[in-house]
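Scroll down for the structure; my scribbles are underneath it.
What follows is calculated from the coordinates using simple rules that are stated; it is not laboratory data. These numbers come from a predicted model, not from an experiment. Using ideal geometry, Cβ is built from the backbone for each residue, glycine included, and neighbour counts are taken over all protein chains shown.
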């Protein structure tokens, strides 16, 4: 397969479009309500409460675009969010059906340029290599763009938002386990994908980590392993002692990260994140990670797991985002389906503030 960048993507690059860092100002956050009790293995009510608490906290600092299949689910979500203390005037309900809740992956990647123009990247979505049904999820960016009045561009490759992490300063963080997996884009090379992603996201440097967490059915998304923070910091899951199933993978990733060079030719400051004790659902090891936090306009919402390491994780992440409140949200029910807060959210950047920053 040719690695030539599609003309529409090359045009975005020529017009200065970039994917801003998650900590840049948001217009809104997209969430997709958990409307399929049958897939949650007995914890659907707890998952709905987690979503309600998450949406409620975000609504205090920004709009929330919440996808629901119909009016009945809208009423149910409203009731739970209101009970959780949410500001309902800041929550906009869109009647868009879905296969699942993972908005980070089925939602669009949003770009901004120096003129304050915005675009949605509509990647192909195949449910992490064809593992699950995905036709409804794959149609979400098109429907959302129509409802919000955004222009939409299709890069033409399979990609998930949880597979890419940017700092808004030219750096892109990915894993080989996902991007080079033949279940996504067979025939594409590392160089071809790099060329495409540089043009599509406005990046100049790519940093490859290796594998992901044990039990992660995405094959190893970056947002469970390492996240950028302002000031040249890179939050990364620390290597763990003993016979933890992630020990060797995290040791290897940590050594790679030590060699990463960011803006101005400076190495990143590595900030280690603690690792919770292994969490299981039956015999399954779950990919519980504090790295799966979400950065809202006025808060960083961090998954916690009722473990002694929760407090240390909140303190470390809070130290990297001193301008925001750090909120822990119990994600033991949510991680039963192998994801957490970053996996279920997708930021929609503010155009006006970012355009001013570019000038």
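Quick look at the values:
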quantity	calculated
Mean ellipticity per residue at 222 nm, deg cm²/dmol - from DSSP H runs of n ≥ 4 across the chain, formula -39500 (n - 2.57)	-8000 deg cm²/dmol
Computed lengthening from residue 191 to residue 75, 0.36 nm per intervening residue step minus Cα-Cα distance	37.0 nm
Order of 106, 221 under a 10 Å beta carbon neighbour criterion, fewest first	106, 221
Using alpha carbons only: equivalent-ellipsoid semi-axes of region 1-106, gyration tensor based, whole Å	31, 19, 12
Protection proxy ranking of 20-27, 261-268, 222-229, 149-156 - average other beta-carbon atoms within 10 Å, highest first	222-229, 20-27, 149-156, 261-268
Mean Cβ neighbour count within 10 Å, used as a protection proxy, ranking 195-202, 178-185 highest first	195-202, 178-185
Gaussian network model of the chain, Cα within-10 Å springs - most flexible of 117, 72, 48	72
Förster radius 41 Å - calculated FRET efficiency between residue 248 and residue 90 (Cβ-Cβ, nearest 0.05)	0.40
Alpha-carbon centroid distance for the pair region 249-305 / region 45-76, whole angstrom	26 Å
Cα-based Rg of region 152-267 normalised by 2.2 N^0.38 Å, two decimals	1.06
Mean projected area (nm²) of the alpha-carbon convex hull when region 222-337 is viewed from all directions	7.6 nm²
Protection proxy ranking of 206-214, 233-241, 277-285 - average other beta-carbon atoms within 10 Å, highest first	206-214, 233-241, 277-285
